[in-house]
Each structure stands twice: as C-alpha cells, then as structure tokens.
2 protein chains.
Amino acid sequence: MNKAGFSQTHHEGLRIEVDALITHGLVVTMDDSSRILEDGAVAVNNGKIMAVGDTAALVSKYQGRKVLDAHRKLIMPGLINAHTHAPMNIFRGFADDLPLNEWLYDYIFPLETEFVNRDNVKLGTRLAIAEMLRSGTTTFNDMYYHIDEMAGIIDELGPRAILTDALVDLPAHNGKSLQEALQQVEEIIQTWKGHPRIQVGVAAHAPYTAKPKVYQAAKVLADKYGVLLHTHLSETRWEFDLILEKYGFTPVQHLENIGVLAPNLVIAHGIHLTREDMDLLARRDVGVAHNPQCNMKLANGTAPIPELLRLGVRIGIGTDGVASNNDLDLFDEIRSAALAQKLINSDPTVMDAKTVVEAITIGGARMLGLDNKIGSLEAGKQADIILVDLKQPHAWPNFNAYSLITYSLRGSDVDTVMVDGKILLDNRRLTTLNENDLYEEVHALSDRICSWQQQRTKSKPHPKA
Amino acid sequence: MNKAGFSQTHHEGLRIEVDALITHGLVVTMDDSSRILEDGAVAVNNGKIMAVGDTAALVSKYQGRKVLDAHRKLIMPGLINAHTHAPMNIFRGFADDLPLNEWLYDYIFPLETEFVNRDNVKLGTRLAIAEMLRSGTTTFNDMYYHIDEMAGIIDELGPRAILTDALVDLPAHNGKSLQEALQQVEEIIQTWKGHPRIQVGVAAHAPYTAKPKVYQAAKVLADKYGVLLHTHLSETRWEFDLILEKYGFTPVQHLENIGVLAPNLVIAHGIHLTREDMDLLARRDVGVAHNPQCNMKLANGTAPIPELLRLGVRIGIGTDGVASNNDLDLFDEIRSAALAQKLINSDPTVMDAKTVVEAITIGGARMLGLDNKIGSLEAGKQADIILVDLKQPHAWPNFNAYSLITYSLRGSDVDTVMVDGKILLDNRRLTTLNENDLYEEVHALSDRICSWQQQRTKSKPHPKA
C-alpha cells in the first residue's frame, strides 16, 4: 500500500457517518449569498442538513448510510405554498370560466355545504399531499375545515404545514358560537403543539365575513400561542368597496384600526391596495401571500408585488384552492407570477426569475416565520429537500438555474422529496401513500358530486354538458 | 357451442383488421359537434383514422394488430404549435428578464450570428422535436434558418411541420440577394413538395426588416405553390409606431396596401391592433398565431384574441422560440392564454377552456390550412393522436375535459404520441431519437456558448453570475 492509498484509507476511517448524502447535483441553496454549486452535495443527519458543499469536499468528510446520486439533477429546498385550501381539490374543474358570484354562490358554496365533511376533507387532504409532494411542495399554509382531521393525515403522510380553520361571524359553518369555535381551535392548537412539522394557527376568514371582534379574538389566540394569524384581504374590488363603505376605511386600514396588523399576520391576495395600504403593510411587517393564477382566473387582478418587495414586505406565493387554480404546482405558479407582473407593468425586468424562486423558498419561509427551520439549504436547517430530474428535453441547455426553475421546469420533473430527512417521494414513487386506491376513492366521490348536480338543477345544464 | 357463442365467433371473423385500435379512453374529438366519449376508442389504419366511437362498438367491428389500452387516459388530437423558431432552444434561459432591446441586440442577435449554423440548427431541431413530442405537439409552424436541414431531421424523426426561412431586406443573413434567396426557397419547396408531413412555406420576417417588395415577392412564391405565407406583425409598440411613421399606416393596413393580406397569410402576435386592423384581418381571412407567454415575458402586451374570435378570425396558439418562452409546452401555453385574457379583460368568462383547447387543435389546423388533414379525431383524417396519462394526482377528479386540459394537465402527462399512425412516443419513450446522446451534445454546445460569452464581455457579467 503506497502512501496515497494509506492516506485515503486513513481518511475514510475518519469520515463522519450521516443518514444520507446527496451527491453530484446542481445545488441551488437559496442561502444569503445565493450560492449555487455546479457539482454539489448535501449531507443529511437526524432530519437536519449537516453540510452543503462541493461533492468532492463532502464525500471526503461524510459517509452516507444512504447515497443519492443527483447527477443531472437539481437539488433545492422543498417548495413552500403560501396559501391554499388543500381539500378543495375534490372540486377541481367543477365550475370554471364563470362570473365570480355565480362561481361562488351557485357552485362552490352549495358544493361545500353538501360535500365538506370529515371523510371528504381527509380524502382531499391525501390527494392534495400526493399532488404537492409530486410537484416538490414540502410545506403549505392552509385554511379550511376539520383541521384536526387534516393534521392527522399530515402527521401520517409526512409533509410540513400550518393549518388554520377560519373563524367567521355567527352562524359559523360548524354552528358554534365564537366562544365555542375559539375553544375548539385552542384545543387543536394544544393537541398539536410541539409537533415537528405541524403548526396549528388561527384564521379569520375575511373582513366581509368576520367582524372586528372575530379578528381581535383570533389575534389574541394567535399571540397567546405564538402562531400564525391568517386571513383573506383585498382580494376583490367588491370587497374593497364594501369595507370602505361599511367601515370608512380600506380593508388594510380597517385591520390596522382594529389592531390586527402585525408580523404574525399573513394576508392572502392583497390585490386592491392603495399607496397607504402598502406603506402600512411594510411598517407593520405583515406577510403577503400572492396567488397569481387564482387571481387571474377569477379576473380579480394582480397584486402589486414589485412595489411591495421594494417596500420590504415579506412575500410568499401560493396556489390558493384547486377549485380556482386548478392545480397545486408551484413551478407553474411562479411562471405565472413572473409573466403576469411583466405584462401588467409593461416591463420585462420586473419579477425576475430569482425573485419568484425566492418567494417559494426562503422568502415564503420568512413570510410564515419558519425561516429559522426551512427555506434554504444550510447546515442546521431541517432537511426539506427536493431533487429535480434535468434529463428532460425542456431542461436543456441550462445557462441559469433560476431561469430554468421559473420558465422551463414543471412539477412533474421533481423525482425525489425529503421532509425532515425522510424520503416521501423516491424516484417518482410516493413512499407513504397508495395512489391507485386514492384515485378510485376520488372517482367514486366525483360520481356522487355529478349525481347531486344532476338532481339539484335539472333545468340548469352542468358545466360539463 | 351455443348460439350466442357461434354468433360471437362468427362476428369476430367479420371484424376488420386495422393497424391499431386505441380503446377505453376519454376521447376528446374536437369535431364539429364537440363529441366527448367517456369510454371511447379510435381505430387507425394506413396512417389515417378509420373510426372514432364507443369502445364496445369499435371493438365489435375492428381488430387491431396493435391494441393500446387507454384506460384512465385521455385521447385527443395531436397538438399544433402555431408559431415557433424550434432551433432557438439552444439559447434557452441564456438571457431572461432583460429590457427588450438589450435582450435582442446584446444577446440574441450576437448569439445567432455566432452559433446559428447547419450543425447547431440540426441539433436544436432534434432537441425541439424531443420536447414537442414529449409534451404532445405533433405539428409546428416554424420560421428559422437552414430549413433544408430542419426538413431532413423532421422527415427522419416523424412530426409534422410547416417550415419557412424568413426573407429580409439586403444584406440577408445568408448574404444572398432577394432573387437568390427566393430561388433557394423555391428549390426547397420543390424538394419537399408532396411530402406527407412537411410543407415548405414562405416567410417575410417583419415589416421593419422586410420592405414591400420582399413581402410581395414572398406572396407571389407562396401563391404559386399554394403554401403558407408567414410573418411577424404588430408585436411591439415600437414596431407599430415605426411602421406608422414610415408608411403612414398601421402594420396591418400597410400589408393590406401592398396586397399581402389573404387567407394563406399567418401573422404571429397581432398585439397592437386598431379596430380597423381587426376588421381587416377578419375581412381578408388572415390567420393569427397568438403567443401569450412570449408576449408576457417580453412585456409586449397581449393580443385582443376574444375580439378577434368574435370577428371570426382564425386563431392558433404558439410558443414562439424558446429563447423567449422558455419551453415548447402547449398545455402551459393555453393556461397562460386563458389566464392572461381574463386578467387583461377583467372578465373570468373570456377565453374559456374549450376555446383555448380548440386553438391548439382544430382551430390551429384551420389557421394553417390543414384542417382537412388534422386537428380533430374524425374518420378520414391523418392519425395524429396523443394519449395523456390521467393517473396523476393533479388530474383528479375530472368533471370537465376542457378544464382538465387547460388548467390542470402538463406536457409531461402525455405518454403516447402518434403521427400519421406511427408511434413516436411510446409510454414516455421516444421511438425515433436517443435522448441521452442528445443531452451530451447540447451540454457540449452550451459550454462553448458560455466560453464565448466569457471571452466576449470580460467586463460584462454573464446573466448566470
């Protein structure tokens, strides 16, 4: 054995064992220095990222109990969906291209009244998690019903989420008084407190469905447990005008007046904003969840994201619910985010590729107050990591990783997903979920929805017809 | 043997043998009556569609030498890309989010001067065909250089295309006089005349690069051979103002004045149009190729497609070149087409799902003058058919096929593609192309492009940096 050989053996003996070593990938870290590694590696141990660096350096230092070869793959942080209603996917494509009020009052609300129950929320949550994992989303911020059931499914299937059940004026959807509803939310918060991946937050639905006392009670509860406060705000012109008429202030200023604007608040949409509204959001450090495809599809407009970013507002990007999107693919969503802003601002330089990639990684994490745990590939953070297969004709050539992610890649290119170091999608196979069973269940439910629709309106043609 | 058994055997004996029988799929025909079959089948023989109907009916009548089970798959016509520059994909992601003039003059034109040669056009065409087939595109209308080489590749690899080499003012890119350039185009037209899948058409680049005599000569040639005339028109505000100043007329009226507007003309873009322009396009039955993502990305605006459709203008949807898109996925493109129009028109009902699906199937075929051959699944048409795998979480549930195609499906969901009855993508495997070899070639070219860029501008940072 020559000296070099000895040295190598000696060195190997000193290598640190880690749970997993991902090697030879194009690493897009999203760290503060925007480091990109052409032949990079990530060491993962005990659910956390232990090191990020050049493959040669990491291979000499770490020995992976499992080695994932990421040659011709992109390695990046798991994506963060800033605002959704995951179980609404059971209504995907049921009512599209309709006027807003008809869509909401003639289709979505009756559908929800009839079909939102514990079983269907569980089914929708499983389907949504399958879709999210398959397209690289590891964390989502949700607002829906039966969140105790959702939490159970999320616990079992492995992603990370913030769950909120929207408080509204009486009579609430669950028939409970505000006091009862608050107590129920508090119990669910307590049940899941300390869970490594699940945070139960608090939501007030929107200023047109929740009075000031509902918002204020929600804020007290969110502050008590240090959790997120989630609402819809300034989504439609109708809402903006209504709140202005009712309270004499814009929706943002109304929430300021009742003491709700604060760093733990995330507002979904924020489309119709005055200059003062924007300044106020910046001053109070409120997070904004931008949902470009839903906003375009319902013709509500597009939020002034470039201005908000200039003011330092924390921005995330979400899909909103599938009933108004109609998918949970964040690759698709950031492409729309970039393109819509360029169109509306008549400026091809706004919302560049890096900006939108930030919004679904480290920026989204900051918006949700989770940037100490996730959002970038850095030692010490949780190992929420996705591998994207670049052996696709639409991924060649690759001159700029942010451009590739934003303008060329698709959710389906994601082939491996890890959350807290656990592999949930392994070379395109979901490890915690049987998809075929799921599809048959969804198919049976969609048959029931179609029958209900036929019964409901014999005279009214189904949109399918 | 009982009577029923005898009858069955007897019946089987009478079944007509066909090359392929596709069964048990959700068939979206795009025929005049918009027929959708829940458990449908398509019989294919000699490169043509022999029958479209319920699976039970077709199985009893036809026997397929090959049977493709399309259970849980969608069967639809191959998609039609109305306007692209296929080999520009070798510049994918090289220069994004830049001001229009900087993008064009500092990046794209120098890149083209340096790297557009016969070999790279062939390489780019192969890569583009791989990407198009993988995302369900079977026909594309192209304008680029070295189209004789492109035709050779297309002949070999199997898709359908209309190819044009843009005529411009002297000095042309190939150094030839107008007469020489026309002669060259005519020779290529003659070479490929009668090819079952390739039409060589004629193009004048744009009114700011081609004088009236170029347009007129192009039209004479196109008319002589009954082929398509292709141009860029009313793409930017700059062009609109320039032509107005130079000729005293809008770009559309300028082409009317010089006698070019006719049913065999396809204009790409058509964004900046007056009411009179729109009427003129309708009256002269000119086709319009809409390119929503490119138009948004370069912040050129969005064409008034709903108005043009109301006037009866034939509309197709294209991706434009990958240097300004950055992919060739028509699923993605129609989603943007629908969403952008809803946003711009503040109306969620415009550009509904069916309208945009039509634009990449039968509508696109009409625009290209190919609707007697392709664009719908109907007996007698060429067998350009795609199968889309619905066993994906984002494809469930499915209440409306057009919504599903427009708002939920992605190019990657396409698993089988047939052109003229020949299978070019077989369960996600390309049958006429080795992708891995292709990627290594593209990788080597992209290294040369990066080196050139580093040499060219030591002081100027590469967009990647």
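Please treat every number below as a calculation from the coordinates, not as lab data. Because the structure is a prediction, the values reported are computed rather than measured. Quick reminder, even Gly has a Cβ in these numbers, built from the backbone with ideal geometry, and neighbours come from all protein chains shown.
Details
- For the protein assembly as shown, the dipole from Cβ point charges (+1 on Lys and Arg, -1 on Asp and Glu) about the Cα centre works out to 540 debye, to the nearest 20.
- Rounded to the nearest 5, the antiparallel percentage of DSSP beta bridges internal to the protein assembly as shown is 45%.
- Only helical runs count toward this figure. For the protein assembly as shown, summing -39,500 (n - 2.57) over DSSP H runs of n ≥ 4 and dividing by all residues gives -11000 deg cm²/dmol at 222 nm.
- Sorted by Cβ density within 10 Å, fewest first, the residues A:243, B:385: A:243, B:385
- Volume of the Cα convex hull of the range B:79-367, divided per residue and given in Å³: 117 Å³
- Other residues lying with their Cβ under 9 Å from the Cβ of residue A:373 contribute a combined charge of 0, Lys and Arg counting +1, Asp and Glu -1.
- At 0.890 mPa s and 25 °C, Stokes D of the range B:267-326 from Kirkwood alpha-carbon radius, µm² per second: 211 µm²/s
- Dimensions of the range A:360-465 from C-alpha coordinates, computed as largest minus smallest value along each principal axis and given longest first, are 59, 32, 29 Å.
- Lysine pairs in the range A:79-367 whose alpha-carbon atoms fall under 29 angstrom of each other, counting only those eight or more residues apart or on distinct chains, come to 26.
- Distance between the 7 Å Cα→Cβ label points at residue A:447 and residue A:426: 3.3 nm.
- Modelled label positions at residue B:15 and residue A:284, each set 7 Å beyond Cα in the direction of Cβ, lie 6.9 nm from each other.
- Charged-residue dipole, Cβ positions (Lys, Arg, Asp, Glu), chain A about Cα centre, Debye nearest 20: 540 debye
- Per-residue packing, averaged as other Cβ atoms within 10 Å, sorts the ranges A:130-138, A:234-242, A:265-273 into the order A:130-138, A:265-273, A:234-242, beginning with the highest.
- Cross-link partners of residue B:381 among lysines (Cα-Cα below 18 Å; sequence separation of 8 or more within a chain): B:48, B:373, B:422
- Shape call, the protein assembly as shown: gyration tensor on alpha carbons, a/c limit 1.5: rounded
- Label-point separation, residue A:379 to residue B:46 (7 Å along Cα→Cβ), nm: 7.2 nm
- Positive minus negative residues near residue A:119 (Lys, Arg vs Asp, Glu; Cβ under 10 Å): 0
- Residue closest to axis [chain A; rotation mapping onto B; Cβ; Å]: A:412, 2
- Projected-area average for the range B:12-78 over all orientations - Cα convex hull basis, square nanometres: 4.4 nm²
- Ranked packing of B:27-36, B:162-171, B:73-82, most packed first, by mean Cβ within 10 Å: B:73-82, B:162-171, B:27-36
- Among the residues of B:330-342, the average count of other protein chain beta-carbon atoms within 10 Å of the residue beta-carbon is 4.
- Dividing the convex hull volume of the alpha carbon atoms of the range B:114-154 by its residue count gives 66 Å³ per residue.
- With label points defined 7 Å past Cα in the direction of Cβ, position residue B:283 shows copy-to-copy spacings of 5.8 nm, given to one decimal and shortest first.
- For residue B:118, label point 7 Å along C-beta direction: distances to other copies, nm: 7.4
- Inter-copy label distances at residue A:312 (7 Å, Cα→Cβ; nm, one decimal): 6.1
- Rg ratio (alpha-carbon, reference 2.2 N^0.38 Å) - the range B:77-218: 1.05
- Positive dipole terminus of the range A:155-201, leading residue within A:184, A:168, A:195 (C-beta point charges): A:195
- Sum of side-chain charges, residue A:349 neighbourhood, beta-carbon under 15 Å (Lys, Arg +1; Asp, Glu -1): -3
- For the range B:79-367, the relative contact order works out to 21 percent when only alpha carbon pairs closer than 8 Å and six or more residues apart are counted.
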